[in-house]
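The values are calculated or read from the model by the stated rules, or taken from the named source; none is laboratory data. All of these numbers come straight from a predicted model, not from anything done at the bench. Methodologically, a virtual Cβ is constructed for each residue, glycine included, from the backbone with ideal geometry; neighbour enumeration extends over all protein chains shown.
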Amino acid sequence: MKSLQDLQLPDVLDFRRDEGQIRFHEQRVVILSAAAMGLLRKELIATLGLATARRLLLRFGFADGYHDAVSLRDHFKWADPLDAVRAGPALHTLEGLVQAEMSRLDYDLATRVFHAEVVWYQSYEAEQHLHHYGRAEAPVCWSLVGYASGYTSACLGQEVYFRETRCQGTGASGCTLVGRDAASWGGEAEQFRFDFQGADLAGEVERLRVAVHRQRQELAKRERLLADRTRELDSLRERVSRHARSKRFVLASTAMRDVLELAARVAPLDTTVLVNGESGTGKEFVVRMIHDQSARAAGTLVSVNCAALTETLLESELFGHVRGSFTGAVRDKAGLFEVANGGTLFLDEVGEMAPSLQAKLLRALQEHEIRRVGGERTIRVNARVVAATNRDLRGAIEAGTFREDLYFRLGAFVITVPPLRERREAIPALAQEFLRRAAARFKKDVRTISPAAMTLLVGYPWPGNVRELEHAVERGVILAADTRITPAELPAEVRVRRQAARSAGGSLDVRRNERALIEEALQRFRGNRRKAAEALNMSTVTLWRRLRQYGLSGPDDDTPTTR
């Protein structure tokens, strides 16, 4: 009888074409391509995870090798079990799985101590792993290692486990296996037993199935939540747009839309809101929207300008007074906190409030109760407070003119309205709407703004923001000689700004550019030299000298102001 090393595949296999079968001794053999096995391996990893797929393929290989060894033993009837072990690499090579070479084989029949080393080349399993996943961090020839372990265990009639120490799948030139009997592996034997037979893979697969099911449920829940949030956001945006249209508010910039969406979000929540922004940006519209879309919309919106009243009058306005508390107090008067009970109290320009009054306001916000001027009885109040300011309150806190605790009480939710110069894309739509309104009010047939005039409007910094733009367009409508506004009808500062910019941009003359910048600063701050000097990064004395130098000072401007 031929040795296995000398046999070819037809000598081992029984091809039964009439039955459509291939037999290896008494076992039916099915030929599968390496690509198909690679795809199966990929699906196992994707479905079960790397660790479970590894144990499953180890056991698959172990069973395959064990049955092959039993068939060969019955077919060749080896007297020496080591002959069967030596035949293993030849069978691996014959089947096209790897090119295998036995480099070491030691076995003590008396002690049953086994040690072997095998070198593989052209491993189909490493090849498929590299194809699907690229280079691995650990050896990947799992089913082939399982085959070697099962085959040798059947040949020797005892537990033998192989471990892959080098692998082509990790970038090595070949694969190296070390095999030992279970006792020789020492404490590591338990891990081998767990991998090859200890873990309940059916239970593990079921646990994975349950985990995947839970993950899918969680994903579906998140998708539903995301869909709900998307619907809520769409509804919120539609509500904002509808409110803006109802109030004839031009919503033409992303920045302003974001501001109104914030306002719509906080409106239903009964918390204080602080609206920051320069004068004329639309802070009052934001406040009114918060009130209109809140649960207090049926109540009263009461507003007070904190900068327009003296400290004494403002205290009386906010908290009320009792008869005789001061000269002229001929009767009891309810304060705005009481008037706004169940509604909203709007404190405009809250940054101008006197420090002593800030303390009383803080107490009212904290305790929800007030005491009228000259009164002894406390009154419970239920008014939502929304404040607005064009001042830098954090700077005022550092300067000691505004209480930090009041700032945090008022600013539970802060909304910052951007200036018009930061949302220039809205200027054409705003200007056209203001044109339509002014033309209707003044009964003039003015329909458009010329391209040159619109260029001036878009390029101007608008220190007075939307309010200043509206007044500029109204002026244009009033002065327009025909159906459109031209640059000639716009305010002088808008036209001068453009001329100064062209002058500064077209010339490298330092004196000319400096004059243009000074003129621009004075226009921006409406002639306030202290603010203009700060913006120009020069002292007020230097600014006065430059004004005299460039002939920009008036007849009464002979004395500089220092501070």
Residue 323 versus (1) under 30 Å from residue 420 (Cβ atoms); (2) more than 44 Å from the chain's Cα centre (by Cα): which is the lone unmet condition? (1)
Here the qualifying pairs (Cβ atoms under 8 Å; residues six or more apart or on different chains; first in region 43-63 and closer than 14 Å to residue 128 by Cβ; second basic (Lys, Arg) and surrounded by 20 or more Cβ atoms within 10 Å (Cβ to Cβ)) come out as 53/41; 57/41
Would you be able to say whether some residue in region 100-119 is in a helix (DSSP H, G or I) and farther than 20 Å from residue 163 by Cβ? no
Being of a type outside the set (A, V, I, L, M), at pLDDT below 80 and under 54 Å from the mean Cα position of the chain (by Cα) narrows it down to one residue among 61, 96, 49, 20; which is it? 96
Output the residues belonging to region 489-523 that are out of contact with any helix residue (DSSP H, G or I) (no Cβ under 8 Å at 6 or more places or on another chain) and modelled with pLDDT of 85 or more. 492
Residue count, region 437-494, condition part of a loop (DSSP other than H, G, I, E, B) and free of Cβ contacts under 8 Å to residues at least 40 places away in the same chain, comes to 14
Unique residue being surrounded by 20 or more Cβ atoms within 10 Å (Cβ to Cβ) and at negative phi when the list is 322, 275: 275
